[in-house]
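So the structure is just underneath, and the comments pick up after that.
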Amino acid sequence: MTDCFSLFLSILDKKKGEFLLEDLLFYWFSWILWIIVTFFFKKTRARFYLAVWILIVMIVKPLTIPDIQGDISLAYIFLTLGAMIWVGQTIKWHHFLSMITMTSLAFLYAALQLSYWFSPVIFLIHETWLVAVIMVFVTLLVVSKPHNRVPWLIVACCIGNFWQAVVVSPLTSGLHLGFNHFFNDVSAMVILLVAWHVVERLIYEFSKLQKGAAKHQTSLTM
């Protein structure tokens, strides 16, 4: 545990010991998610893979793959591959409606990112939280199954980030994937979805208790 925490602190330094303030939200939320997965999920193989995946993305976040046409974040590649594998466990890829849903979410995320590029005044509230709230709200509307929401949203954001990077590549002198607060956005969305799931679960358990109490009181009166 100490080694993991030391590694976590070390990857927050990039050049000359400077702290990556722009990635602080991502690291905090990722660490919180790793703790939730490691200590509160059931002990299964899926939990182990999920915890390892989160750690890998955190560790490789400062690393990039230089390309002639731009830069690609190594964490973006691991995040996309892991999310696609996760999606493959939840749906069959030939399901047309599922593909349409993820594509629509990807278009929405790309549109929000492009809006920030060409009209940043609408993001005066906060570019990360405004995007996260909108994406989570739409995801809750179009994805009914709770266990599908997180992987579908992550895949959609990865695809949307690619489309946005392609569109603005003439302005950025190349293709840059996994930058511009992308990981802050994704981590904030996942945290919001986890919080929503906890609220849903609490409401469900409370309603069960109420029904049980009502049945018990009815049996006593009879």
For this session: Test Thr64 against the stated conditions and say whether it is over 29 Å from Ser144 (Cα atoms), open to solvent by less than 70 Å² (accessible area, probe 1.4 Å) and modelled with pLDDT under 90.
Result: yes
Exercise. Only one of (1) open to solvent by 20 Å² or more (accessible area, probe 1.4 Å); (2) at pLDDT 75 or above; (3) closer than 28 Å to Ile77 by Cβ; (4) part of a helix (DSSP H, G or I) is not met by Pro170, so which one is it?
Worked result: (2)
For this session: Tell me, please, whether a residue that is open to solvent by 60 Å² or more (accessible area, probe 1.4 Å), more than 16 Å from the chain's Cα centre (by Cα) and of a type outside the set (S, T, N, Q) can be found in the stretch 25-33.
Result: no
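Considering only residues that are among the hydrophobic types (A, V, I, L, M, F, W, C) and within 17 Å of Ile159 (Cβ to Cβ), look in the stretch 177-208 and name the one that is most open to solvent (accessible area, probe 1.4 Å). Walk me through how you get there before you give the answer.
So the first thing to find is which residues in the stretch 177-208 are among the hydrophobic types (A, V, I, L, M, F, W, C), and the list is 177, 179, 182-183, 186, 188-196, 198-199, 202-203, 206.
Those still in the list that are within 17 Å of Ile159 (Cβ to Cβ) too: 177, 179, 182-183, 186, 189-190.
On the way: Leu177: 10, Phe179: 68, Phe182: 1, Phe183: 8, Val186: 11, Met189: 2, Val190: 18 Å².
Of everything passing the filter in the stretch 177-208, Phe179 is most open to solvent (accessible area, probe 1.4 Å).
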Exercise. Which condition number in (1) at pLDDT 80 or above; (2) farther than 30 Å from Tyr116 by Cα is the one that Ala188 fails?
Worked result: (2)
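Per-residue answers, yes or no, for (1) modelled with pLDDT under 90; (2) closer than 16 Å to Gly178 by Cβ; (3) in contact with a His (Cβ under 7 Å, 6 or more places away or on another chain):
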| position | (1), (2), (3) |
| --- | --- |
| Thr44 | yes, no, no |
| Tyr49 | no, no, no |
| Ile68 | yes, no, no |
| Gly82 | no, yes, no |
| Ser104 | no, no, no |
| Phe118 | yes, no, no |
Exercise. Using beta carbons and a limit of 8 Å, which pairs, at least six apart or on different chains, have the first residue in the stretch 154-166 and open to solvent by less than 10 Å² (accessible area, probe 1.4 Å) and the second one outside any helix (DSSP H, G or I)?
Worked result: Asn161/Leu177; Asn161/Gly178; Ala165/Gly70; Ala165/Leu175; Ala165/His176; Ala165/Leu177
Exercise. So, of the residues in the stretch 67-88 that are β-branched (Val, Ile, Thr) and open to solvent by 50 Å² or more (accessible area, probe 1.4 Å), which turns out to be nearest to Ser169 (Cα to Cα)?
Worked result: Ile68
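The values are calculated or read from the model by the stated rules, or taken from the named source; none is laboratory data. Quantities reported herein were computed from a predicted structural model and do not represent experimental measurements. Positions of Cβ are generated from backbone atoms using ideal geometry, with glycine treated the same way; all protein chains shown enter the neighbour counts. Each accessible area value is taken on the protein alone, full model and side chains, heavy atoms only, with ligands, DNA and RNA left out. Shrake-Rupley method; radii C 1.70, N 1.55, O 1.52, S 1.80 Å.
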